[in-house]
Amino acid sequence: MADKILIVDDDPAIRKLLEKVMHSNEMETSTADSGAAALRLLSENTYDLILMDITLGDMEGFEVIKQLRSQGIKTPVMIVSGRNEDYDSLYGLSVGADDYITKPFRPVVLGAKVKALIRRTRDMVLDKPGILKCGSFSYDYGSMRFYKDGTELILSTREAALLLLFLQHPGQVYTKDMIYEQIWGTDVAVDDNAIMVYINRLRGKIEADRQKPSHIITVRGLGYRFTP
């Protein structure tokens, strides 16, 4: 069965281009030309990934992401935007996006990033029955839910992938290169800012004090180690 992609962009030419790229990667597409249309489609259908522009006619893509995350929709979101300021990419990640690519983009890179993000989302549940326990943390492979001391952790797709990596390999030191390869899964240059954003966001959800973390430990000069 082909992967289903929702394309959200108010520019007909960009929507057509994104559809062409997805179709060339044997994916099915639906399109929305506004934030309201996107939210309506998401309330009625399920998708494997959302390609989201920031500047829409009725609202910003950031607001669409915030609304779908508040509704518990965990579909991975990749922002595709002509705005290339660091603030936009970091803010997008902070409100629940899973990746960010700027226009103009290389179709082959976009296709590879989409496939990698979908694959990593699925790897969190496929062929792994039961519950993974690690200290005070646990992960239910069937429901794709994380818990700490029995309380569910509400995580974005990328945060969830990062925590699962740590839970599966407690005590192992992961460099930024290793994290980027495992979680982002592409051969593009490592984005240190993106990694730091997600580490900080995850710390904010699992640490008693993100400024003095006891679980995600910084190994100076190397990377990070998870201590359950």
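In table form, for the structure just shown:
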quantity: Cα coordinate range in the chain, projected on the principal axes (Å, largest first); calculated: 49, 36, 30
quantity: Probe 1.4 Å, accessible area per residue of segment 1-54, Å²; calculated: 49 Å²
quantity: Rg over Rh [alpha-carbon atoms, Kirkwood Rh] for segment 1-105; calculated: 0.93
quantity: Cα convex hull volume per residue for segment 56-119 (Å³); calculated: 87 Å³
quantity: Placed amide H near R145: partners under 5 Å, 5+ positions off or other chain; calculated: D140
quantity: Amide proton proximity set for T29, modelled H, under 5 Å, gap of 5+; calculated: I5
quantity: Amide proton proximity set for M59, modelled H, under 5 Å, gap of 5+; calculated: G35
quantity: DSSP-loop GluC sites (Glu not before Pro) across segment 1-109, with at most 13 other Cβ within 10 angstrom; calculated: E26, E85
quantity: Sulfur and carbon atoms: percent of accessible area, segment 95-165 [1.4 Å]; calculated: 56 percent
quantity: Stokes-Einstein D for segment 136-228, Kirkwood Rh over Cα pairs, 25 °C, 0.890 mPa s (µm²/s); calculated: 182 µm²/s
quantity: Whole-Hz ³J(HN,Hα) from phi, Karplus 6.51 cos²θ - 1.76 cosθ + 1.60, for segment 18-27, glycine and proline x; calculated: 5, 4, 4, 5, 5, 5, 5, 9, 6, 10
quantity: Extent along principal axes [Cα atoms of segment 79-206; Å; largest to smallest]; calculated: 44, 29, 26
quantity: Near-label residues of segment 74-113 by backbone N, under 19 Å of a point 7 Å along Cα→Cβ of K20; calculated: 80-82, 102-113
quantity: Where F146, F105 fall by accessible area, highest first, once all protein chains stay in place (1.4 Å); calculated: F105, F146
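The values are calculated or read from the model by the stated rules, or taken from the named source; none is laboratory data. Computed from a predicted model, the values in this text were never measured in an experiment. Counting neighbours? That spans all protein chains shown, and the Cβs are built from the backbone with ideal geometry, glycine included. Please note that ligands, DNA and RNA were not included when accessible areas were found on the heavy atoms of the full protein model with its side chains. Shrake-Rupley method; radii C 1.70, N 1.55, O 1.52, S 1.80 Å.
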